[in-house]
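Shown next, in structure tokens, is the structure this report addresses.
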Amino acid sequence: MAERLDMNSLSKFDGSNYNQWRFQMNCALRAKGLYEIVHGTELKPENNNETQKAWIKNDATAMFILTSALDYAQITLIENCESSHQIIDKLDSIYLQRSESSKMIAHERFHQYRMKDSASVAQHIANVENVAKKLKDIGETVSDAAIMTKIISTLPQKFLNFRQVWLSVSEDRQTLTNLTSRLVGEEANLSLVEQMETAFTVSSGKNQSAKSKRSTKQSEPSSSGSSKQKSVDQSQEVKQNIKCYQCGKRGHIARFCRNKPKHKSSHRDKEYTSFNVEFPGDVNMENTWIMDSGASAHMSHRAELFSNMSAVSEGTTVVIGNNVSLPVIGKGDIEIEKKIKGEWYKSVITNVLFVPDLRRNLFSEAVATKKGWSIMKEGKMAEILHGSKLIASAILDDNNNYRMLFRNISVHQAQQVTENSLKAWHDRLGHVNFTRVREMIKSGVISGITLSDEDEILCESCLYGKQYRFHHASREVREEEVGERVFSDVCGPIATESSGGARYFVLFKDSATSYLVVRTMKHKSDVLTRLKEYVRMVEKQQGRMVKVLHCDNGREYLNESLQEYLKREGIILENTSPYTPQQNGRIEREMRTVMESARSMMHAMNTPKYLWGEAVNTAVYILNRTPTSEKRSTTPYEAFMGRKPSLSHLKKFGCTAFMHVPDCQRTKLDDKSSKLMFVGYDGNSDNYRLFDPTTKKVKVSRNVIFDEHTTIDTEKKTDQISIAQMENGDDDAEEYPGGRNQIVDLGGASNLAAPEAQRPAMRNPAVNETEPRQDLDGEQFDANPRNVEALQEDEGTVVDNARDYNLRKRDKLQRPGRYTRISLW
């Protein structure tokens, strides 16, 4: 059962906000494992057994939770209910019907809301969000796009230009946060302009009637004079904060700038006269460019004007003023000449959409504004400025359209212009970057290059040849609780099977503690089983649930069964982008560290490759008990387990280990120790894992003595003979008094290594030891104890004393020529 639930933390239902209360109850019931009982999916068992008693107890607990979260007025409605399921059904029948009627009211409030004249933009946005929240509270879906549309559509008329500019903002930046910040800034700018105009009007009136104002001030009361002085001070403060677009100085606006060109009016008249001469009223509109405040992009219907063109996605369209959709065929650049202060300059309009069904060429105000340019319209002239630099001009025609002072040039002329363009020299100089080309010309280190006035454009060839991966910044936010985010990765297939038949292993890393868990697998599809084991371990050992699983796009993680398990457990799956292992860097680095540690340990002691599984487990065991670069003051083991680890029991991987043989597994004459290889640690205990090269099995023991300077040869094969097999195969063999199957080792001298005093020879009291005996071949040999020590020194000739006679009879062992035969009977 889950932890005890604090009933005081649950808010009591008083008849309002039923949906919120019901959501709270569902969360509490799920936490206690009672959700299915309350909602009728887990029925009461029919048999009168322990299962039925447990169900009745759980149902009573659910009833207690529900009634504890109700006030007395609501409890009277459910007094006759006999189960938790009846309680929730009764409440649903009463309050969910009311919610249906409240949805219509909430929708009406949302759609009928209008901004008040006295409200600020911040208040307006807050009001719209509050109305939308009420819809969400009753279960209705209200998208951010709907909220933003409601905010913009109910703005006053003075925000009309802002609406047009907002439509040109890219979709990824059209967020509620961005809209709020922009609207608040636009409101501040409009307020400054209004105050500035008021201040200049007051100042102008003051200069025109200074004497009368002086006399008026002398006759006015002091309080009135103080109030007016305060108003003037505020006006002066406003004037200091506003910036002039004409001269760039603060304190006034362009309309009242004193640094206007002396002949500006004549310049405008000259431009307007020139326009009438060169572009008469009946000019063909197909050749003109119209500045359009509603166009989201530059558009042209004449294919011959494009100097280059690229295809667009099939089905791309644009919508014109009468809500008619026109197909877009391509996008490219158009070379034009623009007239600035009586002179023609060559320029390029980039990213122009080719719309064949369009009747005129459109220059988008939104695109110009997006580039940071400002548009000033005064009288019949319009100017596009970048700071104080004039970019382009337009003149109002008889149809109230601003015609750009552009003239089109043919493709042949455009090709001549591009010969000295920045893009042309970029191509000639081996696609060196645009900034380097400009610096070379500006510094004068080269000669023979002239550039037309052209901005940088995107070079597609450079993208194919130079595009690089973006830097993956390290995650600054680290999880603080166990299970909040778990990284996982699979290694394999490994060419050599482990001693247990595994070809893969999966690694789990807890982000908060850096604690590692490794599990070997025979198949890649075993990841789901290992994941369930890990989730269960975290839940039981730490009392926490795994919330996020971060892994790559391997099929072992993207299969249907694993994803269904994650959905059922409420675990979020985070996948990396394809071919981007950097996004899974934390587990990738751990995987590399584990493999390098395992490989180094195996190489140091020359252990066989099929022990890689034991080496990997040992590497993870050690890494969990050593500090990481992320947390140098503690170890992952301490962070996960809550206690400091002890390293006093660590031994050298692959060294020789002498394991004590229990009494039940040996006879009185058998060795008490077995020579094995140390291959790791058993879980988090102090037990050791020992590999037996004879049986190819791993044994676990605590009673071990280590020789860390040596190892055993796992490839050397020892001849072993079972006494039981020998007795079954030889009718003349004598029965061993011990009655157990013993292994006789014929390959080493370890069985005779004990001193003579500790290993007394077996005697036959019926035989006189002073008389010589005959062996199977009829030869005589003496029972001389000193020859036993000499026999021990002979390499490869070790015979068990108790079975000497039968062994020579069965296997016909040849005695060494320099030793005297002995008998211990």
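Return yes or no: is GLU140 assigned by TED's automatic domain parsing to the domain that holds ASP59 and either in a loop (DSSP other than H, G, I, E, B) or at pLDDT 75 or above (or both)?
no
Identify, please: which residue in segment 378-435 is β-branched (Val, Ile, Thr) and at pLDDT 60 or above and is, among those, farthest from ASN308 (Cα to Cα)?
ILE395
Just to confirm my filter: which helices (runs of 4 or more DSSP H) fall fully inside segment 16-106 and include at least 2 residues that are free of Cβ contacts under 8 Å to residues at least 60 places away in the same chain and under 27 Å from LYS133 (Cα atoms)?
Answer list for segment 16-106: 18-32.
Specify the residue that is nearest to CYS257 (Cα to Cα); the eligible residues are those in segment 170-212 that are modelled with pLDDT of 75 or more and of a type in the set (Val, Ile, Thr).
Applying the filter and picking the extreme gives VAL184.
Tell me which residues, restricted to segment 687-709, are surrounded by 15 or more Cβ atoms within 10 Å (Cβ to Cβ) and touching a residue at least 60 places away in the same chain (Cβ under 8 Å).
Hits for segment 687-709 are ARG689, PHE691, VAL698.
Among LEU29, LEU66, LEU96, LEU34, which is the only one that is surrounded by 11 or more Cβ atoms within 10 Å (Cβ to Cβ), at pLDDT below 85 and among the aliphatic types (A, V, I, L, M)?
LEU96
Filter segment 621-636 down to residues that are more than 16 Å from MET601 (Cβ to Cβ) and either free of Cβ contacts under 8 Å to residues at least 24 places away in the same chain or assigned to a loop (DSSP other than H, G, I, E, B) (or both), then give me how many there are.
9
Taking segment 642-679, which residues are among the aliphatic types (A, V, I, L, M) and touching a residue at least 60 places away in the same chain (Cβ under 8 Å)?
Of everything in segment 642-679, those that are among the aliphatic types (A, V, I, L, M) and touching a residue at least 60 places away in the same chain (Cβ under 8 Å) turn out to be LEU669, MET677, VAL679.
Report, by residue number, each residue of segment 632-665 that is hydroxyl-bearing (Ser, Thr, Tyr), buried (at least 17 other Cβ atoms within 10 Å of the Cβ) and under 36 Å from the mean Cα position of the chain (by Cα).
THR635, TYR637 - these are the residues of segment 632-665 that are hydroxyl-bearing (Ser, Thr, Tyr), buried (at least 17 other Cβ atoms within 10 Å of the Cβ) and under 36 Å from the mean Cα position of the chain (by Cα).
If the requirement is being closer than 24 Å to LEU396 by Cα, touching a Ser or Thr at 6+ places or on another chain (Cβ under 7 Å) and either modelled with pLDDT of 85 or more or part of a loop (DSSP other than H, G, I, E, B) (or both), which of these qualifies: ILE290, ILE336?
Just a single option satisfies the conditions, and that option is ILE336.
Look through GLU476, GLU484 and report the one residue that is of a type in the set (Asp, Glu), at pLDDT 70 or above and either surrounded by 11 or more Cβ atoms within 10 Å (Cβ to Cβ) or more than 30 Å from THR695 (Cα to Cα) (or both).
Matching residue, one of GLU476, GLU484: GLU484.
Only one residue in ILE340, ILE384, ILE375 is in contact with a Phe, Trp or Tyr (Cβ under 9 Å, 6 or more places away or on another chain) and among the β-branched types (Val, Ile, Thr). Which one?
None of the other options fit; the residue is ILE384.
Any idea which residue in segment 127-157 is surrounded by the fewest Cβ atoms within 10 Å (Cβ to Cβ), counting only those that are within 14 Å of GLU187 (Cβ to Cβ) and among the hydrophobic types (A, V, I, L, M, F, W, C)?
Filtering first and then ranking leaves ILE152.
Which of the residues that make up segment 348-359 are buried (at least 18 other Cβ atoms within 10 Å of the Cβ) and part of a loop (DSSP other than H, G, I, E, B)?
Scanning segment 348-359 gives VAL355, LEU358.
The values are calculated or read from the model by the stated rules, or taken from the named source; none is laboratory data. This structure is a prediction, so every number in the text was calculated from the model and none was measured. FYI the Cβ positions are ideal-geometry reconstructions off the backbone, even for glycines, and counts take in every protein chain you see.
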